[in-house]
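The structure appears below as structure tokens.
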Amino acid sequence: MKVSNKELLGELRSMINQSMKDVNAMIELNDKDLNKRASEQSWSALECIEHLNAYAQFYNPQITTKIQNYQGKTSANQTF
């Protein structure tokens, strides 16, 4: 399935906006609730966020580097 860069980035923007709303709602919760696990084998909400942040710290610079390396080499209507 091919997706245009504008569509892909639009979806990303929507997900980021929703994530910001979710984070703002979680700020109101206490640490006990955010650290609660549904079971011994599951992760808490904060553990999930910590995991995602760790991956973002790795991937975001990689994505930035790739974008900088390809600036001007692709069309504005690129498909993936």
Practice prompt. Return yes when Arg13 is assigned to a loop (DSSP other than H, G, I, E, B), open to solvent by 70 Å² or more (accessible area, probe 1.4 Å) and either modelled with pLDDT under 95 or not aromatic (Phe, Trp, Tyr) (or both) and no when it is not.
Written response: no
Fill in: Complete set of residues in region 16-75 that are over 28 Å from Asn5 (Cβ atoms) and either among the charged types (D, E, K, R) or in contact (Cβ under 8 Å) with a residue 60 or more places away in the chain (or both)
Glu28, Asp31, Lys32, Asp33, Lys36, Arg37, Glu40, Glu47, Glu50
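Conditions tested, residue by residue: (1) open to solvent by less than 80 Å² (accessible area, probe 1.4 Å); (2) of a type in the set (Val, Ile, Thr); (3) at pLDDT 95 or above.
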residue: Lys2; (1), (2), (3): no, no, no
residue: Glu7; (1), (2), (3): no, no, no
residue: Gln18; (1), (2), (3): no, no, yes
residue: Asp22; (1), (2), (3): yes, no, no
residue: Ile27; (1), (2), (3): no, yes, no
residue: Ser39; (1), (2), (3): yes, no, yes
residue: Trp43; (1), (2), (3): no, no, yes
residue: Ile67; (1), (2), (3): no, yes, no
residue: Lys73; (1), (2), (3): no, no, no
Worksheet, complete the sentence: Across region 1-15, the tally of residues that are touching a residue at least 40 places away in the same chain (Cβ under 8 Å) and under 20 Å from Asn60 (Cα atoms) stands at 3
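The values are calculated or read from the model by the stated rules, or taken from the named source; none is laboratory data. Everything quoted here is computed from the prediction, not taken from an experiment. Neighbour counts are summed over all protein chains in view; Cβ atoms, including those assigned to glycine, are modelled from backbone coordinates with ideal geometry. Keep in mind that these areas ignore ligands, DNA and RNA; they rest on the heavy atoms of the full protein, side chains included. Shrake-Rupley method; radii C 1.70, N 1.55, O 1.52, S 1.80 Å.
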